Amino acid sequence: MSTALTGAPPEPPLAAPRSTVEPDPLLHADPAVAAEQAALEALLRCWTRETGARPGPDGRLRIAVLGGAALLTAPVRYWSPGGWHRFGRATLAAGSAPVEASAGTPVDAVTAAALLAAAAAERPDPGQVADLAGRVADSVVRTAEILAHRRTAPAPGGPERSHFLAAEQSLLLGHPLHPTPKSRDGLGPAQSAAYSPELHGSFQLHWYAVDRDLLAAGSAVAESADQLTAGLLGSRTALPPGTAALPLHPWQARELAHRPAVAALLAEGLLHDLGPAGEPWYPTSSVRTVYRPGTPWMLKLSLGLRITNSRRENLRKELHRGLEMHRLLESGLAAEWRAAHPGFDIVRDPAWIGVDHPALGDPGGLDTVLRAQPFAPAERVLCVAGLVAEQPLGTGDTVPSRLGDTLRALAARCGRPLPTVAAEWFLRYLDTVVLPVLWLDGRAGIALEAHQQNSLVLLDADGWPTGGRYRDNQGYYYRDSAAERLTARLPGLGTDSDTFLPDPVIDHHFAYYLGINHVLGLIGALGSQQLADETVLLAALRRFLAGPAAATGSALPALLLDAPTLPCKANLLTRINGLDELVGPVATQSVYVDIPNPVAGP
């Protein structure tokens, strides 16, 4: 793929002081203005990470665009070693020489996206530039809709009071290092209100009845998948004889009816459209996985809607992965893991149900995962991405977050300085959430794609971390070097799931997902939200990596401590190149760049 971004990036400067002159633009009273700012900041964070661009001595970031005929400029409000920078309002000015901020013209996110896309490529593809600009526009509109709703809507009651669901609904701005974090191509306004977690959406599932000659299913628990879905459907909706109940996302059901293969099966009576039925389900942060309090199951539904970069339809190898991992853990591995780390586990995906027909292909759009729902409503179990996500809902000097609220309450309760409490919280988090993931890699040869949205943290009544969970049947990596001992535990492992990978490929991805996205992202959030000093947290991380983490046998601690650069997924370049990060071999699904390693410091 063609890119103009070559050469080693320069060393990052020291963190720039936060501006105290201009109010935080994310807290602008107009949700549309705040949404534009959020989109611009995400684009600039992507650009600085993926190109190595740094601010000048005056604390302003300048990017040459239009072949050097203009400068895109933004003041730096906070410079983060972890990459969670904050910027002020961006402007565009003709010429290549720096000018006063007042001389530039304010620039919107769509214009900035088009300029950056063109600047990033040696030969920009007009179609990809236009596609990126369109998705940025969609993301901005949806973010403004979310902020307008959350700034005026009353706090939800009933089932939505659960800590788990509240955190799932907290990603108001989306991924802070993605150019189109709230893009949901093809979702109309009424659908958005029902299907968006940030808008407190809920909806009935749409149900098909599947002729048993076409039924495809798997279960690693006592009940078969069709018994489980029949229980979820309930007795009020009758199934035709000789069929099984298949839950679908209502958006997907409408879209499937227009696919020729599905339309033919419906016409032939091999599929029966039962319509919407049952109690409402709540979308979680992934949009397609849904939750209903009081049931022991969540559902990971196929959803052909393109969310950020990818269409989210379940692949068969992922379904097999969920069953395999459950069986592998139950072979004795989970008991060994719990003995070392009793507070951590994997949220299991032990059953699935779908349709087999030659005309459907893979993905066929009709496969659904049954995910265990092990949390009581009163448990403080939170998606890490939702915990750290900024919540620009009011006024003030800083943008709040659930993490900030938790740490400030802890500091007040303990009577200790906020940065001190934040540092202790971070150390406990490393021990209870990060260390178990390293143990599984080092001792078992299984790496997890443990980015922040795939990771859950359990907090005690005061707010201290006590454990964690990992979720996602797409994100299991079995090391080739561990094949003999893993297949001894579970013969045939990997045959259907395509999960074994060379160690260097796993090291590369593990460094990004756990090291950069998760841990450095947490450090960046703590710093950018004025909760802690990132240099102090990086020093604490080094001690952790050299001590308890190294003892796990995982290769990642040494890599994070010693490597001058780290492999990092480049979401902007991935988007510019039109890649779907869920399609194709793991090694080539996304664009990666090498970034300076902030952990390998003095």
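Numbers at a glance
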{"read-out": "Of the criteria (1) outside any strand (DSSP E or B); (2) touching a His at 6+ places or on another chain (Cβ under 7 Å); (3) in contact (Cβ under 8 Å) with a residue 60 or more places away in the chain, which one GLN252 fails", "value": "(2)"}
{"read-out": "Test: residue in the stretch 462-470 that is more than 20 Å from LEU387 (Cα to Cα), in a loop (DSSP other than H, G, I, E, B), outside the structural domain of LYS300 (by TED's automatic domain parsing) and not β-branched (Val, Ile, Thr)", "value": "no"}
{"read-out": "Single match in ARG123, ARG150 (criterion: surrounded by fewer than 24 Cβ atoms within 10 Å (Cβ to Cβ), in a loop (DSSP other than H, G, I, E, B) and on the phi < 0 side of the Ramachandran plot)", "value": "ARG123"}
{"read-out": "Which listed residue is surrounded by fewer than 22 Cβ atoms within 10 Å (Cβ to Cβ), charged (D, E, K, R) and more than 30 Å from VAL290 (Cα to Cα), from ASP462, ASP498, ASP507", "value": "ASP507"}
{"read-out": "Residue match in the stretch 96-115 (condition: at pLDDT below 95, in contact with a Gly (Cβ under 6 Å, 6 or more places away or on another chain) and not in a loop (DSSP other than H, G, I, E, B))", "value": "no"}
{"read-out": "Qualifying positions in the stretch 178-207 - assigned to a loop (DSSP other than H, G, I, E, B) and either among the β-branched types (Val, Ile, Thr) or free of Cβ contacts under 8 Å to residues at least 24 places away in the same chain (or both)", "value": "THR180, GLY188"}
{"read-out": "Total residues in the stretch 58-76, condition in contact with a strand residue (DSSP E or B) (Cβ under 8 Å, 6 or more places away or on another chain), free of Cβ contacts under 8 Å to residues at least 60 places away in the same chain and outside any loop (DSSP other than H, G, I, E, B)", "value": "12"}
{"read-out": "Residue match in the stretch 217-228 (condition: modelled with pLDDT under 95 and in a strand (DSSP E or B))", "value": "no"}
{"read-out": "Flag for VAL369 being of a type outside the set (Gly, Ala, Ser), in a strand (DSSP E or B), under 19 Å from the mean Cα position of the chain (by Cα) and closer than 22 Å to LEU459 by Cα", "value": "no"}
{"read-out": "PRO55 part of a loop (DSSP other than H, G, I, E, B), assigned by TED's automatic domain parsing to the domain that holds LEU132 and modelled with pLDDT of 95 or more", "value": "yes"}
{"read-out": "Residue in the stretch 231-242 that is in contact with an Asp or Glu (Cβ under 9 Å, 6 or more places away or on another chain) and in a helix (DSSP H, G or I) present", "value": "yes"}
{"read-out": "Odd one out for ALA550 among (1) of a type in the set (A, V, I, L, M, F, W, C); (2) crowded, with 24+ Cβ neighbours inside 10 Å; (3) without any contact (Cβ under 8 Å) to a residue 12 or more places away in the chain", "value": "(2)"}
{"read-out": "Subset of the stretch 208-222 (residues that are surrounded by fewer than 20 Cβ atoms within 10 Å (Cβ to Cβ), over 20 Å from ASP496 (Cβ atoms) and in contact (Cβ under 8 Å) with a residue 40 or more places away in the chain)", "value": "ASP211, ASP213"}
{"read-out": "Any helices (runs of 4 or more DSSP H) falling wholly within the stretch 392-445 and containing at least 1 residues that are more than 21 Å from the chain's Cα centre (by Cα) and more than 22 Å from ALA335 (Cα to Cα)", "value": "402-414, 418-429"}
{"read-out": "Number of positions in the stretch 470-485 that are of a type outside the set (A, V, I, L, M, F, W, C) and surrounded by fewer than 20 Cβ atoms within 10 Å (Cβ to Cβ)", "value": "6"}
{"read-out": "Breaking point among (1) farther than 20 Å from ARG288 by Cα; (2) crowded, with 23+ Cβ neighbours inside 10 Å, for ALA339", "value": "(2)"}
{"read-out": "So GLN453, is it under 16 Å from the mean Cα position of the chain (by Cα), assigned to a helix (DSSP H, G or I) and in contact (Cβ under 8 Å) with a residue 40 or more places away in the chain", "value": "yes"}
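Quick grid of which residues meet (1) assigned by TED's automatic domain parsing to the domain that holds ARG151; (2) within 17 Å of VAL136 (Cβ to Cβ); (3) touching a residue at least 24 places away in the same chain (Cβ under 8 Å):
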{"position": "ALA39", "(1), (2), (3)": "yes, yes, yes"}
{"position": "LEU44", "(1), (2), (3)": "yes, yes, yes"}
{"position": "TYR78", "(1), (2), (3)": "yes, no, yes"}
{"position": "GLY82", "(1), (2), (3)": "yes, no, yes"}
{"position": "ARG86", "(1), (2), (3)": "yes, no, yes"}
{"position": "LEU92", "(1), (2), (3)": "yes, yes, yes"}
{"position": "ALA103", "(1), (2), (3)": "yes, no, no"}
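The values are calculated or read from the model by the stated rules, or taken from the named source; none is laboratory data. Nothing here was measured: the structure is a model prediction, and the numbers come from that model. Backbone-built Cβ (ideal geometry, glycine too); neighbour counts: all protein chains shown.
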